[in-house]
């Protein structure tokens, strides 16, 4: 398999993250805080997590990128998130949105749509969430998708252009588009869906890559490729999802650009 | 060991959970959110966790069962929990209560007793908590019990009848009663008490079984049997509780009705 | 290596914790709750975590020691923490402060300084945090330090005397001082910095040792020695930080006074 310029740029961003150790600020859900902080540390980034309004702007200023995940929303954290993305937008800080469960309830859909107004650099979601965000119709099954990325492909292209962002829809095959270019990623393993927060971790890692790589499409593709390959390698070693949880973090720590190049299953369009 | 009709029904509910993949809504404590979400996923159920009043009724409507765990209570989450159980009660949604630390402080005891008014299908607790709930007297050691299930056996029978629920008291031997029938379960391993949230996980798994099995006694016995056997098998493979945490989830993922039938140590009365 | 009276006292406190199983109350950050509860259980202590104002004084009264960690502060938890430390101070309950991120934002620095007024028995922090607390100047990199313990050594001596507390600054070498005596600890492994909350765990374990050992210098040295040696032993067995997370807890469970005496690398001054 030859290595395209895009693929080369993806793997070199991994070195950049490890060299620069970017500070990634997370306002995220209570279920995955520990796991995503550990994922960022394993990769080589420096996570911070905070949700007090008193320090929101300070934290955005300190950080090299911002991660917003609405997985356990409340009126209080919604306000903090709005303050953070507004400040990020005004100061040019890159940020990524994970609209967890936006297809499940009107409250989450409204919260996620409010965030969209502040122009995230990347939206990482499942197919039902992107569909709900764009159409305004609820769906999915709780925080899980009932659609495949392929089923919402043309909608995602349109949405990415309308929202002026990059959309990454994860599933058996990940679909990534900025509304013009499209990338499909065939890495990953089904057992990863049995570990809570692998989607949230994909979003957090995207934050780390956004801190060192200005192009959203490159940053999120790098994050998803890294996580997918780490998941494949980890799944090959374990009997179940409890052990996968730890091994996945080990592989994030161990992966090199060379290993990524060997395992990457990527199609560009 | 012959297999009783009750035992058969217990093991077949495991297949039902895996086939139906019920959506289980959890309003639970911050210490165990990640572990119990992973436990539900390992089993084959679909967890959701949320505690915003704005989406409480929607989440209960979406879910196939509700889990209420008062492990880190506040006035805000107490109100959300009351809203959720009231809605579950009015709409006939099955739900399970875990009164974590109800024996430790008056605030927790009052919170747990308020929840009881909305008629949980199952109460999963330790002996000190059941004693405190019934007598109104504090006791225990923090969130741990200072009584054995056996010591509160007759009190539990009376309480189950009074509250019209099924009570499951976990300990070295688990005691389960709906006020008429009694079940004792001798599965499990002492090292499980060194992993935070194994009791909370028992409650969360009970939610998954309640979603597919209308009888509370059957549902909670299935959950405790599954967890106890998974714990035994996991403990045999590890040196300490850190590894048990992951292996326990692996075993929840791997267990089959056949393995359950081979290892189940159950007495019916 | 001969065993000094101080070293002997350190290792015997480990037996005391396991014998007494102290109840340790934690008001701590949402990222590390699960990990630090598991660490306390692995050691042999009994953790409780709560942050409701309604039960704050009750929990402090029930507990044998109190752990305050400001890692994810808010106005609500700040008030609860102040209530808890005020009650601990007034009733003579030992407590330990972890000023997470005190060097990062003014809000955290002010919160941590307010806590200091209630005279913690021990402050466990990194070098940037101690420097910020003493000088009032922000610094560090998020929740990470940009200084070594050695660089703030004389400042720490002065601060410990001024605040009438014991200060433990963790890093490649840990520096511990009550303002008069100094201890250096050379245990630990660099990979521990890739697991979120190892510093927070050091603080939580200090709470357990404070519950059985009245001298703060002895208690925190015991906690840091135990964790450092556990980390060394765990790191030798694993490929990355995901597996280290679990193995570290296993080693906390398995360590004996004999193993501690064999591995302890301690200098007294």
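List of remarks:
- Taking one quarter of the surface of the convex hull spanned by the alpha-carbon atoms of the stretch A:1-118 gives a direction-averaged projected area of 8.8 nm².
- Here the stretch C:177-245 is described by how far its Cα atoms reach on the three principal axes: 39, 22, 16 Å, from widest to narrowest.
- Distance cut-off 29 Å, percentage of C-alpha pairs in chain A lying past it: 22
- Estimated FRET transfer efficiency when R0 is 22 angstrom, pair residue A:135-residue B:61 (beta carbons, to 0.05): 0.60
- One Cα centroid belongs to the stretch A:121-146, the other to the stretch A:1-42; the line between them spans 23 Å.
- Computed from the alpha carbon positions, the gyration tensor of the protein assembly as shown leads to an equivalent ellipsoid with semi-axes of 36, 36, 25 Å, biggest first.
- Counting only DSSP beta bridges with both residues in the stretch A:41-191, the antiparallel share comes to about 45 percent.
- The mean number of Cβ atoms from other chains found within 10 Å of a Cβ in peptide C:22-34 is 5, as a whole number.
- Rounded, prolate or oblate (a/c below 1.5 giving rounded, otherwise prolate when a/b exceeds b/c) for the stretch B:163-207 by Cα gyration tensor: oblate
- Inter-part distance where the stretch B:163-182 and the stretch A:192-254 are each reduced to a Cα centre, Å: 42
- By definition, a body whose alpha carbon gyration tensor gives a ≥ b ≥ c is prolate when a/c is 1.5 or more and a/b is larger than b/c, and the stretch C:144-269 fits this prolate description.
- The other copies place their residue C:151 label points at 5.5, 5.5 nm from this one, listed shortest first, where each point is 7 Å from Cα along Cα→Cβ.
- Global form of the stretch C:107-183, assessed from the alpha-carbon gyration tensor, a/c cut-off 1.5: oblate
- Mean shadow area of the stretch C:1-53 over all directions, Cα convex hull, nm²: 5.2
Quick note: the coordinates plus some simple rules give every number you see, no bench work behind them. What you see is a predicted model, and the numbers here were worked out from it, not measured in a lab. Counting neighbours? That spans all protein chains shown, and the Cβs are built from the backbone with ideal geometry, glycine included.
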